[in-house]
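Structure, as structure tokens:
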Amino acid sequence: MHSFERQIIYLLVMLVVSIPIVMKQSMKPAKMKSADTLFQMIEGLPVDHSGGAPEEIALLALDFGPNTKAENEPQAEVVIEHLLRKRIPFALLTLYAPGEGFLTSIPERVIERLQKEDPGVRYEYGRDWVNLGYRPGQALFIQTLAKSKDLRSELKKDVFGSPLKDIPLFQNIKTIRQIHFLAEFTGLVGIFDFYVQFFQQDGFVPLFGHGCTSITIPEAYIYLDSGQLNGLLEGIAGAAWYSKLLKDAFPKRPNDDALVTNTALGVAHLVIIFLIFVGNIREGYRWFVESHRHGGDAV
């Protein structure tokens, strides 16, 4: 009987999770203050409308793999979408080898969705964004990058083997002082700390945003409270609120994975809470019946 009940519960949870995902439906997510701060920070970044090579860029580090894809991928996706919509050029890299595929798949998927939304909009690799690929060395790489006098000579080529000096986005970019926004997404232990410690120069620290998994939120709040971190996406909930802000700003925008997944998880939690309530009621009734059957002496 208990085995059968478990099967019913699993089936019910699977059903309520699958409905929002299949139908691409979403409910309003909970407001996340730190995600709101990150959104407003990117909104405030300067935009160069001259059409020439940019004087400043953003740098996004996608330091995650398939193990934390469920949370980190939607976080990276909404930030990349926001930068593309704002026409803020950015470069992507990863310190984690399994994350290299996301450097291509995420921006291409976002661009495809944006062009479906507005067929007249075009984004160009090398001008709007650049893929720097996997970079080994972790802490040593970040320290070297921060001290570099010419990022083009230090990084040399993009993931396709093209020299950075020939890529329009990097024409005027020489030091990290021209990286006005840094965002890092990871569920790994220690990598985020490397950026906090080493990605800076005398008198300069870029605006810093971070996307973390739910289990590392308490650690990230320490940096947020100290001011070393300027904005934060807390798990899938942070990505969902950020996605909602994008949808408010661009009403034609369809529901994305962040909103849909967050809705599915929320509904599943409500079902589990309801089942816990029903289970306790049933056990209370069983105890009441047993106690009266044995004259109030039931254990």
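The values are calculated or read from the model by the stated rules, or taken from the named source; none is laboratory data. Here the structure is a predicted model, which is why all the values come from computation and not from measurement. All Cβ positions, glycine included, derive from the backbone under ideal geometry; neighbour counts span all protein chains shown.
Residue-wise test of (1) part of a helix (DSSP H, G or I); (2) without any contact (Cβ under 8 Å) to a residue 24 or more places away in the chain; (3) closer than 16 Å to Glu184 by Cα; (4) within 18 Å of the chain's Cα centre (by Cα).
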position	(1), (2), (3), (4)
Leu232	no, no, yes, yes
Trp241	yes, no, no, yes
Asn262	yes, no, no, yes
Asn280	yes, yes, no, no
Trp287	yes, yes, no, no
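Among the numbered conditions (1) surrounded by fewer than 23 Cβ atoms within 10 Å (Cβ to Cβ); (2) of a type outside the set (Ser, Thr, Tyr); (3) modelled with pLDDT of 95 or more; (4) not in a helix (DSSP H, G or I), the only one that Arg85 does not meet is (4). Within region 50-82, track down each residue that is assigned to a helix (DSSP H, G or I) and surrounded by fewer than 19 Cβ atoms within 10 Å (Cβ to Cβ). Within region 50-82, Pro66, Asn67, Lys69, Ala70 qualify.
Residue by residue, here is whether (1) under 17 Å from Leu169 (Cβ atoms); (2) out of contact with any Gly (no Cβ under 7 Å at 6 or more places or on another chain); (3) at pLDDT 95 or above; (4) among the acidic types (Asp, Glu) holds:
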{"residue": "His49", "(1), (2), (3), (4)": "yes, yes, no, no"}
{"residue": "Asp63", "(1), (2), (3), (4)": "no, no, yes, yes"}
{"residue": "Pro89", "(1), (2), (3), (4)": "yes, yes, yes, no"}
{"residue": "Leu93", "(1), (2), (3), (4)": "yes, no, yes, no"}
{"residue": "Gly101", "(1), (2), (3), (4)": "no, yes, yes, no"}
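Restricting Ile106, Ile57 to those that are of a type in the set (Val, Ile, Thr), modelled with pLDDT of 95 or more and under 16 Å from the mean Cα position of the chain (by Cα) reduces the list to Ile106.
Here Gly211 passes the criteria (1) in a strand (DSSP E or B); (2) touching an Asp or Glu at 6+ places or on another chain (Cβ under 6 Å) except the one numbered (2). List pairs: first residue in region 176-205 and closer than 20 Å to Met41 by Cα, second residue acidic (Asp, Glu) and not in a strand (DSSP E or B) anywhere in the structure, Cβ distance under 8 angstrom, at least six positions apart or on different chains. Here the result reads Gln178/Glu55; Gln178/Glu56; Ile179/Glu56; His180/Glu56, each pair linking region 176-205 to a residue that is acidic (Asp, Glu) and not in a strand (DSSP E or B).
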